[in-house]
Amino acid sequence: MDIAANIAIIRERIAAACVRAGRDPASVTLMAVSKFQPPEAVSAALDAGITGFGESRVQEAKVKIPLCPSRACWQMIGHLQSNKCRDAVALFNLIQSVDSLALAQELNKQCEKAAKTMPILLEVNVAGEASKFGYAPTRVLAEFAELSKLPRLEVHGLMTIAPYTPTAERVRSVFRALRELRGECEQILGAPLPQLSMGMSGDFEIAIEEGSTLVRIGTALFGERPRKAQGEEGA
Ligand SMILES: *Cc1c(COP(=O)(O)O)cnc(C)c1O
């Protein structure tokens, strides 16, 4: 598995999508999703110029992060439970998966205790899929004003995972809906929300055409994920 070569190919595809969309390639950040990948894979991606890594489970991140070079920046992209907020605040530079006011309040409390400020994204379940976590779009709008007032959190934007479907137009409509929702949140806030985290290995080009500023790439960068995290026992 040549991680540097994969990254070069992904960067070319990002650049081509930006040309189609009339965007500057520098406006799209490539984040490596390192869940289930060993520290050696993280090191190889760092050497190839990646700085941001996404992890989906606090337990795994807690074991892996100390084994990786300290110049890596870590973001939480998976569902976060309240009882893991304290660890999450200690481990991550940004949390992309905030999906309720109660969770935001608990993160705010833990940030207060740790004397930290945490940038966050709100995860939105745009298509209302039962299998996914994330805010319903109407609820984001209802809670946005209160969320944005939490003193230890900084809302930087929105995140979504598109439905797993070969129908490109369905995927595109989800990304477009997230961009429009960001516009409505900006109205409530009265300020810009710079980040739209959308696009994974199978759909990042469509996401860029629809305004993504941060693509989260696992498989296309590292290859197929191992079936379980390193050092994990059982299933
Ligand atoms: C696993 C994961 C990804 C990466 O998926 P790939 O299809 O392997 O690129 C991106 N975002 C989230 C939230 C994930 O859980």
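The values are calculated or read from the model by the stated rules, or taken from the named source; none is laboratory data. As the structure is a prediction and not an experimental result, all values here were calculated from the model. Please note: Cβ atoms are built from the backbone with ideal geometry, for glycine as well, and neighbour counts cover all protein chains shown. Side chains are part of the model used for accessible areas, which takes the heavy atoms of the whole protein and leaves out ligands, DNA and RNA. Shrake-Rupley method; radii C 1.70, N 1.55, O 1.52, S 1.80 Å.
The table below lists the values:
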read-out	value
Looking only at the range 62-79, and only at residues there that are away from the ligand (no atom under 13 Å from the Cβ) and among the small types (G, A, S), the one that is nearest to L121 (Cα to Cα)	A72
Hey, G49 more than 26 Å from R152 (Cα to Cα), out of contact with any helix residue (DSSP H, G or I) (no Cβ under 8 Å at 6 or more places or on another chain) and more than 16 Å from the ligand (Cβ to nearest atom) or not	no
Helices (runs of 4 or more DSSP H) wholly inside the range 146-235 containing at least 2 residues that are free of Cβ contacts under 8 Å to residues at least 12 places away in the same chain	168-189
From the options E186, E209, E180, residue that is surrounded by 16 or more Cβ atoms within 10 Å (Cβ to Cβ) and over 17 Å from S97 (Cα atoms)	E209
Residue within the range 161-172 that is open to solvent by less than 60 Å² (accessible area, probe 1.4 Å), within 13 Å of the ligand (Cβ to nearest atom), modelled with pLDDT under 95 and under 17 Å from K35 (Cα atoms) present	no
